[in-house]
Amino acid sequence: MEGITQTTASEGWIAKEARMSFYKKPITNKQPLKTVSLFEVFCMVHERHAITETERLRTINDHDEARRYKGLSFDYITPSGTFSYCSDASLLKHSGVICMDLDGLENVEAIKQQLIDDPMFETLLLFRSPSGNGLKWFVPIDLSRCDHKTWFTAIRNYLMAHYGFTEKQVDPACQNVSRACYLCYDPDAYLKTELYEHF
């Protein structure tokens, strides 16, 4: 994919119908429990069920200890689709969504608003990462134009060029279609208005 133009979803794709797999903690559990929508993901992040774990994680200064705690303590989803098992080879259906994982940010709130206002990508869902110094940014991708990994590379390059993020700040592991996304607590999580089910 040469360059990047304003993204649009695949023809006929409807954000409300995007589905992804939900898994109960720990991260070693690879069997999905159920299928969820973006609205349901927003509700899980916005509600207080993971508040204790989120607050505890943010007090842990040792990187390895924090990683272990996160893997044991948070439920997770696979934003890019539904799976029979959490592995790239077990993809059942792509959601038409990719979640970019941004880490080590200095001004999370300012960047959050910039992403919501970004003219190139439509923000569907956006919330703070479990660590508190990162963001999970959900945007639609048109798989009729190119595949998941090509989209990831294009968006990653755009983020580094447009926002000045480093290669380390834009997690390269998100190129894997089965990449897990932990569900922490964020009372200020953003969801695109049209995705609220009661609207």
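The values are calculated or read from the model by the stated rules, or taken from the named source; none is laboratory data. This structure is a prediction, so every number in the text was calculated from the model and none was measured. Using ideal geometry, Cβ is built from the backbone for each residue, glycine included, and neighbour counts are taken over all protein chains shown. Areas reflect the complete protein model, heavy atoms only, side chains present, ligands, DNA and RNA absent. Shrake-Rupley method; radii C 1.70, N 1.55, O 1.52, S 1.80 Å.
Tabulated results
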quantity: Flag if LEU38 is touching a residue at least 60 places away in the same chain (Cβ under 8 Å) and within 18 Å of the chain's Cα centre (by Cα); calculated: yes
quantity: Residues being among the hydrophobic types (A, V, I, L, M, F, W, C), touching a helix residue (DSSP H, G or I) at 6+ places or on another chain (Cβ under 8 Å) and surrounded by fewer than 21 Cβ atoms within 10 Å (Cβ to Cβ) - total across segment 88-120; calculated: 3
quantity: Tally of residues being within 14 Å of the chain's Cα centre (by Cα) and part of a helix (DSSP H, G or I) across segment 152-187; calculated: 7
quantity: Residue selected from segment 188-198 under the condition in a loop (DSSP other than H, G, I, E, B) and at pLDDT 90 or above, by the criterion farthest from LEU159 (Cα to Cα); calculated: ASP188
quantity: Every residue from segment 122-138 that is touching a helix residue (DSSP H, G or I) at 6+ places or on another chain (Cβ under 8 Å) and open to solvent by less than 10 Å² (accessible area, probe 1.4 Å); calculated: THR123, LEU124, LEU125, LEU126, PHE127, PRO130, GLY134, LEU135, TRP137, PHE138
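Quick grid of which residues meet (1) free of Cβ contacts under 8 Å to residues at least 12 places away in the same chain; (2) buried (at least 18 other Cβ atoms within 10 Å of the Cβ); (3) over 29 Å from TYR69 (Cα atoms); (4) of a type outside the set (A, V, I, L, M, F, W, C):
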position	(1), (2), (3), (4)
PHE152	no, yes, no, no
ALA161	yes, no, yes, no
GLU167	yes, no, no, yes
ALA173	no, no, no, no
TYR182	no, yes, no, yes
PRO187	no, no, no, yes
GLU197	no, no, yes, yes
